[in-house]
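This report refers to the structure that appears directly beneath it.
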Amino acid sequence: MTLTVVDMHTGGEPLRIVTGGYPSVPKGTILEKRAYVRDHLDHLRKILMFEPRGHYDMYGALLVEPDLPGADLAVLFMHNEGYSTMCGHAIVALGRYAVDEGLVAKQEPITTVNIEAPCGLVVASVEVRDGKAGAVSFESVPAFLFAGGQTIELAGHGTIGFDVAYGGAFYALADCHQFGLEFGKSRVRDFVDAATALTDRLKAEFPLSHPDHGDLAFLYGTILTDGRDAFSDEVTKNICVFAEAEVDRSPTGSGVTARLAAMHAKGEIAIGQTRTFESIAGSRFSGAVVRTAKAGPHGAIIARVGGRAYYSGRTEFIVEADDELGRGFLLR
């Protein structure tokens, strides 16, 4: 077995793009393709994401044939737990990759790349100067505040206030200070434990729904913030803990989108205002509310999120027939 990949990172968050070795995925909607890969090809996800080739926080992308009219490419996202519905850091990387690999016709100063994700069509705008692709921004699907001003009793932490918002995936949003945490002082491990505790409780007790498809109605993770939601020129920090306690090194594109939806719904940011979001690793995304929209019964927004992606390698992976550990394992 031979699998080839291109490795990139956006704001420190890895993206392993599959370039060869996967069998073809049957035609169908993007959610049907996601289900097929989950049910029939999951051993390949484990080979690429898990040790000894990956690690607990690895992230990947599999390009598949698009189904939506106007889409230039379609993508399935993968991680330590399975397959997500949206990934902003991956969209930033894939926008640059599509231009560099000639998957779209290159145009200066902006090349548009229409990317079909499981959540819907995402439009990436790639800056091109002197033939070279640079920064990327994207407009995702309608994002909305699903439930604001919620509280729950969490063992060891007392009453925790939170919002639940959708930015292509559902996130719980909570001020980290409620857990006694502070950016720049508290351990990443403590952020992970607090976020995971909230995610686990809400998954068990807080039902979600999405107006488009039931497959989109699951809590992807928790974003702990510095509480600086009201608009200002000041940078706001957050950490996203998603899937099986995976830590995003970037500010999280879909998470920034969800935060913008919640902030706009609560009157904390206006259309056209741009905010800077910083990750636990110190990388930054820009985020702005472009316009309002609707998502079924929900008032929604269209957000624009921007960042930069870089190449880190091109690799050919093999699996020897008698190498059981080579099929993938995780130690945490």
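A compact table of results
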| item | result |
| --- | --- |
| All positions within the range 162-210 that are over 23 Å from Ser279 (Cβ atoms) and either of a type in the set (S, T, N, Q) or in contact with a Lys or Arg (Cβ under 9 Å, 6 or more places away or on another chain) (or both) | Ser209 |
| Residue match in the range 133-152 (condition: open to solvent by less than 40 Å² (accessible area, probe 1.4 Å), among the polar types (S, T, N, Q) and either part of a loop (DSSP other than H, G, I, E, B) or under 21 Å from Ile30 (Cα atoms) (or both)) | yes |
| Residue that is surrounded by the fewest Cβ atoms within 10 Å (Cβ to Cβ), among those in the range 23-70 that are among the small types (Gly, Ala, Ser) and out of contact with any helix residue (DSSP H, G or I) (no Cβ under 7 Å at 6 or more places or on another chain) | Ser24 |
| Pairs where the first residue, in the range 134-149, is at pLDDT 95 or above and the second is open to solvent by 40 Å² or more (accessible area, probe 1.4 Å) and assigned to a loop (DSSP other than H, G, I, E, B), C-beta under 8 Å, 6+ apart | Gly134/Arg308; Ala135/Arg308; Val136/Arg308; Leu145/Lys266; Ala147/Phe206; Gly148/Lys266 |
| Filtered residues of the range 210-235 (kept if in contact with a helix residue (DSSP H, G or I) (Cβ under 9 Å, 6 or more places away or on another chain) and over 18 Å from Thr151 (Cβ atoms)) | His210, His213, Asp215, Leu216, Phe218, Tyr220, Gly221, Asp226, Ala230, Phe231 |
| Lone qualifier among Glu268, Glu244, Glu324 - being out of contact with any Leu (no Cβ under 8 Å at 6 or more places or on another chain) and either among the aromatic types (Phe, Trp, Tyr) or over 24 Å from Gly82 (Cβ atoms) (or both) | Glu268 |
| Those residues of the range 251-268 which are farther than 26 Å from Ala93 by Cβ and either open to solvent by less than 10 Å² (accessible area, probe 1.4 Å) or touching a strand residue (DSSP E or B) at 6+ places or on another chain (Cβ under 7 Å) (or both), in sequence order | His264, Ala265, Lys266 |
| Selected residue (criterion: nearest to Leu31 (Cα to Cα)) from residues of the range 104-124 that are surrounded by fewer than 18 Cβ atoms within 10 Å (Cβ to Cβ) and of a type in the set (S, T, N, Q) | Thr112 |
| Enumeration of residues in the range 24-40 that are part of a loop (DSSP other than H, G, I, E, B) and of a type in the set (Gly, Ala, Ser) | Ser24, Gly28 |
| Candidates Leu76, Leu181, filtered to the one that is open to solvent by less than 60 Å² (accessible area, probe 1.4 Å), in a strand (DSSP E or B), at negative phi and in contact (Cβ under 8 Å) with a residue 24 or more places away in the chain | Leu76 |
| Considering residues of the range 1-22 that are more than 20 Å from Glu116 (Cα to Cα) and part of a loop (DSSP other than H, G, I, E, B) only, the residue most open to solvent (accessible area, probe 1.4 Å) | Met1 |
| Any hit, the range 89-103, residues being closer than 12 Å to Ser140 by Cβ, in a loop (DSSP other than H, G, I, E, B) and open to solvent by less than 10 Å² (accessible area, probe 1.4 Å) | no |
| Test result for Thr85, more than 23 Å from Asp215 (Cβ to Cβ), of a type in the set (Ser, Thr, Tyr) and either in contact (Cβ under 8 Å) with a residue 24 or more places away in the chain or touching a helix residue (DSSP H, G or I) at 6+ places or on another chain (Cβ under 7 Å) (or both) | no |
| Residue match in the range 215-224 (condition: without any contact (Cβ under 8 Å) to a residue 24 or more places away in the chain and not aromatic (Phe, Trp, Tyr)) | no |
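The values are calculated or read from the model by the stated rules, or taken from the named source; none is laboratory data. Just so it is clear, the model here is predicted, and its values are computed rather than measured. In this analysis, Cβ positions are derived from the backbone assuming ideal geometry, glycine residues included, and neighbour counts consider all displayed protein chains. Heavy atoms of the whole protein, side chains included, go into the accessibility calculation; ligands, DNA and RNA do not. Shrake-Rupley method; radii C 1.70, N 1.55, O 1.52, S 1.80 Å.
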